[in-house]
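Report on one structure; see the data block that follows.
The values are calculated or read from the model by the stated rules, or taken from the named source; none is laboratory data. What you see is a predicted model, and the numbers here were worked out from it, not measured in a lab. Because the Cβ atoms are built from the backbone with ideal geometry, glycine has one as well, and the counts that use them run over all protein chains shown. SASA here: full protein model, heavy atoms, side chains in, ligands and nucleic acids out. Shrake-Rupley method; radii C 1.70, N 1.55, O 1.52, S 1.80 Å.
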Amino acid sequence: MDTWNAVTSRRQVRDFTDQPIPEENLRQILEAGRRAPSARNSQPWDFVVVRDRDRLQRLSGVWPGASWTAGANATIACILTDTDDERSRLLQRFDLGQAAMQMMITASGLGVASGQAACADQELAAEVLGFPTGHHCALLIALGYPGDRPVRPIRMPSRRVFDDVVHYEKW
Ligand SMILES: Cc1cc2nc3c(=O)[nH]c(=O)nc-3n(C[C@H](O)[C@H](O)[C@H](O)COP(=O)(O)O)c2cc1C
């Protein structure tokens with residue numbers, strides 16, 4: 001799939017089939033995250049890949065809005081370091097956003113659907129994922145093949161209209 005199709009095909013998917021994602025595709029998705037740009041090349045992320053059904057189920061309890069991730073074929077838990085410094089926190093989040101998007105677009109290009117979820121219960125996340133103290137789980141990216149319709153370009157996305165968003169030369 002070309003880049004434009006991968007971009008326009010990505011959507012939030014919360015319902016997945018049992019079809020497994022081939023290992024090489026999952027690895028390519030993770031590699032896309034690893035290659036993402038970050039401020040001063042700090043690469044503030046670690047990715048914990050969860051495929052075990054029981055662990056996926058437990059992980060889905062970290063936030064009511066993440067319950068559907070229990071049905072994913074794989075979930076990438078994105079881990080960041082704790083910091084009290086506001087600037088570092090913002091940069092980390094910005095960097096992770098780029099890595100997350102890069103992984104989701106790569107997934108989409110491979111016909112793999114993705115869905116993001118927040119993570120609220122850090123105690124549970126640490127118990128399930130085993131990340132060290134001084135870290136937290138910032139985002140879950142659930143992956144799999146969609147249960148409703150295949151990954152394909154969306155003609156009319158639910159978005160603000162182009163001319164409302166884009167300003168040329170001056171707002
Ligand atoms: C940072 C972030 C956190 C999100 N958290 C959740 C979540 O906890 N649960 C959920 O179901 N969707 C979550 N979403 C998905 C958004 O609701 C979804 O991306 C948005 O409605 C746009 O839909 P689309 O991705 O299909 O274009 C999150 C998205 C982002 C970017």
Ser158 is checked against (1) away from the ligand (no atom under 11 Å from the Cβ); (2) of a type in the set (Ser, Thr, Tyr); (3) not in a helix (DSSP H, G or I) and fails just one. What number does that condition carry?
(1)
Has the stretch 118-127 got at least one residue that is within 12 Å of the ligand (Cβ to nearest atom) and within 15 Å of the chain's Cα centre (by Cα)?
yes
Go through (1) closer than 17 Å to Thr75 by Cβ; (2) at pLDDT below 95 one by one and return the number of the condition Asp2 breaks.
(1)
Tell me which residues, restricted to the stretch 49-64, are open to solvent by 90 Å² or more (accessible area, probe 1.4 Å) and either under 15 Å from Arg14 (Cα atoms) or within 15 Å of the ligand (Cβ to nearest atom) (or both).
Gln57, Trp63, Pro64
Being surrounded by 14 or more Cβ atoms within 10 Å (Cβ to Cβ) and not polar (S, T, N, Q) is the filter here; which residues of the stretch 121-135 pass it?
Asp121, Leu124, Ala125, Ala126, Val128, Leu129, Phe131, His135
If you take the residues in the stretch 1-35 that are within 16 Å of the ligand (Cβ to nearest atom) and within 13 Å of the chain's Cα centre (by Cα), which one is farthest from Arg149 (Cα to Cα)?
Gly33
Matching residues in the stretch 11-29 - criterion: being open to solvent by 100 Å² or more (accessible area, probe 1.4 Å) and touching a helix residue (DSSP H, G or I) at 6+ places or on another chain (Cβ under 8 Å):
Arg14
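Quick grid of which residues meet (1) hydroxyl-bearing (Ser, Thr, Tyr); (2) within 14 Å of the ligand (Cβ to nearest atom); (3) within 21 Å of Arg14 (Cα to Cα):
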| site | (1), (2), (3) |
| --- | --- |
| Ser67 | yes, yes, yes |
| Ala72 | no, yes, yes |
| Ala100 | no, yes, yes |
| Thr133 | yes, no, no |
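His167: surrounded by fewer than 18 Cβ atoms within 10 Å (Cβ to Cβ) and either touching a residue at least 40 places away in the same chain (Cβ under 8 Å) or in contact with a Lys or Arg (Cβ under 8 Å, 6 or more places away or on another chain) (or both), yes or no?
Details: surrounded by fewer than 18 Cβ atoms within 10 Å (Cβ to Cβ): yes; either touching a residue at least 40 places away in the same chain (Cβ under 8 Å) or in contact with a Lys or Arg (Cβ under 8 Å, 6 or more places away or on another chain) (or both): no.
No, not satisfied.
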